[in-house]
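The values are calculated or read from the model by the stated rules, or taken from the named source; none is laboratory data. Fair warning: this is a prediction, and the values are worked out from it, not measured in the lab. Here the Cβ positions follow ideal geometry from the backbone for every residue, glycine too, while neighbour counts run over all protein chains shown.
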Amino acid sequence: MAFENLSERIQKALKNLTGKGKISEDDINKASREIRLALLEADVNFKVVKDFIKKIKKEALGKEVQESLNPGQQVIKIVNDELTKMMGETAVGLNKSKHIPTVIMMVGLQGTGKTTTVGKLAYHLQKKENARPLLIAGDIYRPAAVDQLKQIGDKLKVPVYSEANEKDVAKIVKDGLAQADKDKNDYVIIDTAGRLEIDEPLMEELERIKKVAQPDNILLVVDAMTGQAATDVAKGFDQRLDITGIVLTKLDGDTRGGAALSIRAVTGKPIIYTGEGEKLSDLENFHPDRMASRILGMGDMLTLIEKAQQDYDAKKAAKVAEKMKENTFDFNDFVDQLDQVQKMGPLDQIMKMIPGMANNPQLKNVSIDKKQIAHVKAIVSSMTEQEREDPDILKPSRRRRIAAGSGRPVVEVNRMIKQFKQARDMMNKVTKGNMKGMGNLPGMNTPMGKMAMRHMNKRFKKNKKKRMKIKRFHS
C-alpha cells in the first residue's frame with residue numbers, strides 16, 4: 001500500500017499525544033521531530049518538510065482546543081489539515097474545451113507508464129462521461145509503442161490515429177486532430193515520446209506538438225517510485241511546457257510517498273489522477289483530503305463507496321442492502337458479494353480504506369489472495385441449499401461434512417462461519433444507520449479510530465451531494 005511506512009511513522013509520532021489532558025511545548029517538539037524524520041525518509045522535499053513542520057508547531061501551540069476534541073486529537077486534526085493543504089486542498093479536474101474535442105497532451109520520461117496511462121484515461125472518460133475519445137500515437141521512436149497503443153485501443157474499442165511512415169510527429173498530431181474533428185470525438189488524447197532524461201530534442205518536439213495541438217491539458221506522467229526526483233522532472237517539464245496537471249503512477253508500488261507530498265508544493269501544479277495497478281480501470285481522481293486521511297490511518301470511506309458504486313450492480317446492491325437490514329443475508333449473497341468486491345481491487349487494500357483498519361497491527365500481515373477466496377467458495381459450494389440460506393442450522397455434524405466435501409480443515413470452516421456471522425451482524429447495524437456498529441472493528445476504539453469516525457461524519461455532512469450518494473447506496 002502506498003505510504004505504508006510513512007503512515008506508520010507519523011501515527012507512531014502522534015500516538016503519544018492522544019488521550020493527554022494537556023500537551024506541553026516539549027510534547028509538540030518531540031512529535032514534530034518524529035514527523036520531520038518520517039517525511040524526510042519518505043523522500044519529501046526538504047524545504048516542503050521545513051515549512052510543513054513550522055506550520056504544525058505554530059498551529060498546535062497557538063490554537064484553542066475545540067470542545068469536541070482533546071488536545072491530542074486537535075494535533076491530529078492540524079496535521080491532517082496541513083497534509084491536505086500541502087497536496088492541494090481540493091480535487092482538480094481536467095480543463096474542458098468550450099467546443100469538442102477537449103485535447104489532452106500526455107508527456108513524461110520513458111518508463112513512467114505513459115502509454116498505459118493514455119489507455120487508463122480513455123477508459124476513465126468512457127466510464128465517467130460516456131466519452132468517445134480518439135488516441136493519437138505520437139511516440140514514433142520507442143519500439144512497439146504504436147502497436148501497444150493500438151492494442152489498448154482495441155481492448156477499449158477506441159480509435160487510434162497513426163501514420164506508419166511519417167517522421168514528423170507534429171504533422172501526425174495535426175492530421176489526427178482533423179480526423180477527430182471529422183468524427184466528432186469529444187476527447188483527443190495524444191501519446192508522446194519520452195526519454196530517459198530531459199533533453200533539448202525532446203523538449204523542442206513537445207513544444208512543436210503543443211503549438212500544433214493547442215491542448216486544453218498538458219498532463220505530466222511521473223513515477224511515484226522515483227520519490228523526490230519526480231519533483232525535479234516536474235519542474236523541468238513545467239518550465240518548458242507550462243503543464244496543467246500531473247498523473248502519479250505506480251502509487252501501489254514500494255514507494256515512500258515523497259512525490260505525492262512534494263510535487264504540488266514545489267511546482268504549484270495539481271495532481272489530477274493517480275494510478276495504482278496494471279489494469280486499465282486502475283486510475284483514480286486525486287483527492288488531497290482523502291489521501292491525508294489514508295496517510296494518518298483514518299481510512300478513505302468516500303473512495304471506497306465510490307468504488308462500490310462504480311463496480312457494483314445497483315439493483316443487486318439495493319437488494320443486498322435490504323437483506324442486511326432484515327438480517328437475512330446468507331451465504332449465496334456472500335459469494336455473490338465476494339465476486340463483486342473482487343472487481344474493486346485487492347481486498348487487503350480495500351479493507352485499509354475503512355477507518356481504523358489502515359495500518360492496524362492485526363492487519364499488518366493480512367494478505368487475501370485468490371487461493372483463500374477459492375477456499376471460501378469451496379466451503380460454501382459444499383453446503384446444501386438450505387444451509388446456505390440458513391447459516392444458523394450449521395451444527396458440528398454438518399460442519400464436519402462440509403469440511404470433508406471442500407477438502408478444508410474443520411477449524412477453517414468454523415472460522416469462516418464465525419466471521420460471516422460477525423460481519424452480518426455488524427452490517428445489519430450499519431445499514432440501519434447505527435455507525436456504532438463499526439465500533440467492533442479492530443482499531444475503531446483507538447484514539448485514531450475515533451478521530452477517523454468523527455472526521456468521516458464531518459466530511460459526510462459537509463457535502464450533501466456525496467451524502468445522498470451514500471444514502472442511495474445503502475437504500
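Scanning segment 178-216 for residues that are assigned to a helix (DSSP H, G or I), surrounded by fewer than 21 Cβ atoms within 10 Å (Cβ to Cβ) and among the β-branched types (V, I, T) turns up just one, V212.
Of all residues in segment 218-237, those that are on the phi > 0 side of the Ramachandran plot and touching a residue at least 12 places away in the same chain (Cβ under 8 Å) have Cβ atoms under 8 Å from Cβ atoms of residues that are of a type in the set (S, T, Y) and not in a helix (DSSP H, G or I), 6 or more apart or on another chain, in G227/T255. If you go through segment 157-177 and keep only what is buried (at least 17 other Cβ atoms within 10 Å of the Cβ) and under 17 Å from R132 (Cα atoms), you end up with V158, P159, V160, Y161, G176, L177. Test A265 against the stated conditions and say whether it is of a type in the set (G, A, S), out of contact with any Phe, Trp or Tyr (no Cβ under 9 Å at 6 or more places or on another chain) and part of a helix (DSSP H, G or I). In short, no. For segment 142-150, does any single residue satisfy the condition of being out of contact with any Ser or Thr (no Cβ under 8 Å at 6 or more places or on another chain) and in a helix (DSSP H, G or I)? Within segment 142-150, one or more residues are out of contact with any Ser or Thr (no Cβ under 8 Å at 6 or more places or on another chain) and in a helix (DSSP H, G or I).
Sub-8 Å Cβ pairs linking a first residue in segment 38-61 that is assigned by TED's automatic domain parsing to the domain that holds I28 and assigned to a helix (DSSP H, G or I) to a second residue that is among the aromatic types (F, W, Y) and buried (at least 22 other Cβ atoms within 10 Å of the Cβ), at least 6 apart or interchain, are L39/F52, ordered by first then second residue. Annotation note: of M416, M383, the sole residue that is at pLDDT 80 or above and either on the phi > 0 side of the Ramachandran plot or assigned to a loop (DSSP other than H, G, I, E, B) (or both) is M383.
Residue-by-condition table, conditions (1) free of Cβ contacts under 8 Å to residues at least 40 places away in the same chain; (2) out of contact with any helix residue (DSSP H, G or I) (no Cβ under 8 Å at 6 or more places or on another chain):
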{"position": "K167", "(1), (2)": "yes, yes"}
{"position": "K174", "(1), (2)": "yes, no"}
{"position": "I190", "(1), (2)": "no, no"}
{"position": "E197", "(1), (2)": "no, yes"}
